[in-house]
Amino acid sequence: MIWRRDIRCVLFDLDGTLIDSAADLGLSADEMRTARGLPSLPVQAYRASAGSGARGMLRVAFGLSPEDHGFAELREEFFANYERRMTRLTRTFTGVEFLLLALRERGMLWGVVTNKSRRFTEPLTASMPLFGAAATIVSGDTTPHAKPHPAPLVEAMRQAAVSPAHCIYVGDDERDIQAGKAAGVATVAARYGYLGVGTDVERWRADAAIDEPLQLLNLLNPA
């Protein structure tokens, strides 16, 4: 499939789409378990829920939801742990650096729209040189609303000076697809990311789906 539109900018979700941060997220929660005398869980146990951030990690580690008593305090402890270690094991997914270089060679802009707060987004992206080429990086608290609200995508397009007709959004969560549709951009589901347990990506009704980052190039107009 090739998009039947002039794509000038590709926006990406961050965790689970451009970077694999599951190990640092999971170990931040697992440290909380072992500090309380609970047995450690394998990193793989946390992986599917990594896209849900603190909510997902605390659900795996302690079976808690945001409505449960004490969740807010544990979330702050998790944030403190993650802030200390968030760059230790986090890497880009295989093919991401080549993908971003290829987009630039085709004269396309690229950027990030994440629900991660600036508290974490800014130091994390600053630690990885490839993000210096991003046309825009919009965090979960850059606008008054987070995804699935379209506001973060609208702000990213404003910063990149592109219209929805010339933009696509790639993400590994249903909220990404919902936000993209609401913002009027074409959407791509990243099936290699943190999809959650038992997720049927087809139900998201994204415009396309990819199984690895470099497959995105097959969807774009030839250079």
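Details
- When 212, 155 are checked against the criterion of being closer than 22 Å to residue 95 by Cβ and modelled with pLDDT of 95 or more, 212 stands alone in meeting it.
- Among residues of the stretch 31-63, those that are under 19 Å from residue 176 (Cα atoms) and hydroxyl-bearing (Ser, Thr, Tyr), counted: 2
- For the stretch 1-99, the helices (runs of 4 or more DSSP H) that sit wholly inside it and include 3 or more residues that are touching a residue at least 24 places away in the same chain (Cβ under 8 Å) and more than 30 Å from residue 186 (Cβ to Cβ) are 22-35, 53-62, 71-85.
- Residue identified as aromatic (Phe, Trp, Tyr), at pLDDT 95 or above and under 20 Å from the mean Cα position of the chain (by Cα) among 71, 62, 93: 93
The values are calculated or read from the model by the stated rules, or taken from the named source; none is laboratory data. Predicted, not measured: the structure shown is a model, and the values here were computed from it. FYI the Cβ positions are ideal-geometry reconstructions off the backbone, even for glycines, and counts take in every protein chain you see.
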